[in-house]
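J.: Below you will find the structure I want to go over with you.
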Amino acid sequence: MNDKIKGLILGLSIGSLLTGATAFAATGVNINVVTKKLSIYLDGSKKTSATGFIYKGTTYIPVKSAGTAIGKQVGLYGDSLYIGKQPTVKVSASQAVELVQKKYGPFSSGYIVEVDSESSTIYTVHVYEVVIDDQSTGVGHTATFNWYDVDKYTGAITPMFDF
């Protein structure tokens, strides 16, 4: 019984050490801040309010609030932040399908290549086939080859599964 308790304590100690080391190795820096409701003025005229904070002498507010204050549209596209003129979509849904077929095709004649969904910056193109399991009833399933994210602004393609 005494050896079991020693083993349990040793196991818990090692587990705690590993958990603590893992938490310490996490990236980033924790800072303590106090948020504050701020009024945003432009040329002496109040434009909007936002919750911000001050850290080491610098005031931080949401960029969308700053954009509103100066009358500019704000948009995040991939890793790029635009204030003012926003990028225009350069790739249509049908072009996204063509780009995937050109880069990863040709696909077998039974494959279906279509835009499955889209966000503000990405078309998700699904490549799949319909497999009939029971010829008499027509019941079947879809078999996915892959999904591809196509950037609407650059045409860059990222496969969901890398083979």
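J.: Got a sec to turn the phi values of segment 122-130 into Karplus ³J(HN,Hα) couplings, 6.51 cos²θ - 1.76 cosθ + 1.60 with θ = phi - 60°, whole Hz, x for Gly and Pro?
T.: 9, 9, 9, 9, 9, 10, 7, 9, 9
J.: Report the gain in length on full extension from Phe107 to Asp133: 0.36 nm times residue separation, minus Cα-Cα distance, nm rounded to one decimal.
T.: Between Phe107 and Asp133, full extension yields 7.2 nm more.
J.: Quick one: length gained pulling Lys90 to Val115 fully straight, 0.36 nm per residue minus the C-alpha distance?
T.: Separation in residues times 0.36 nm, less the Cα-Cα distance, equals 7.4 nm.
J.: Further, regarding this structure: With +1 on each Lys and Arg Cβ and -1 on each Asp and Glu Cβ, how big is the dipole of segment 93-159 about its Cα centre, in debye rounded to the nearest 20?
T.: 280
J.: When the chain is fully extended, how far beyond the present Cα-Cα distance does Lys64 get from Leu42, taking 0.36 nm per residue of separation?
T.: Here the answer is 6.4 nm.
J.: Next question, about the same structure. Check which residues have an amide H placed less than 5 Å from Asp116's amide H, if you skip close sequence neighbours.
T.: Distant-sequence amide H within range of Asp116: Thr124, Val125, His126.
J.: Along the Cα→Cβ direction, 7 angstrom out, place labels at Asp79 and Lys56. What is the inter-label distance in nm?
T.: For Asp79 paired with Lys56, the spin-label model returns 2.3 nm.
J.: Using the alpha-carbon centroid of each, what span in Å lies between segment 33-60 and segment 123-160?
T.: Cα centroid to Cα centroid, the span is 47 Å.
J.: Under 5 Å between amide H atoms, partner at least 5 residues away or on a different chain: which partners does Leu38 have, H built in plane at 1.01 Å?
T.: Result for Leu38 returns Ala50, Thr51, Gly52.
J.: Please list, by residue number, every one of the trypsin sites (Lys or Arg not before Pro) in segment 79-140 that is coil in DSSP and has at most 12 other beta-carbon atoms within 10 Å.
T.: Passing sites in segment 79-140 are Lys85, Lys90.
Values in this text are rule-based calculations from the coordinates and carry no lab data. Please read these numbers as outputs of a predicted model, since none were measured by experiment. Cβ coordinates were reconstructed from backbone atoms using ideal geometry, including for glycine residues, and neighbour counts include every protein chain displayed.
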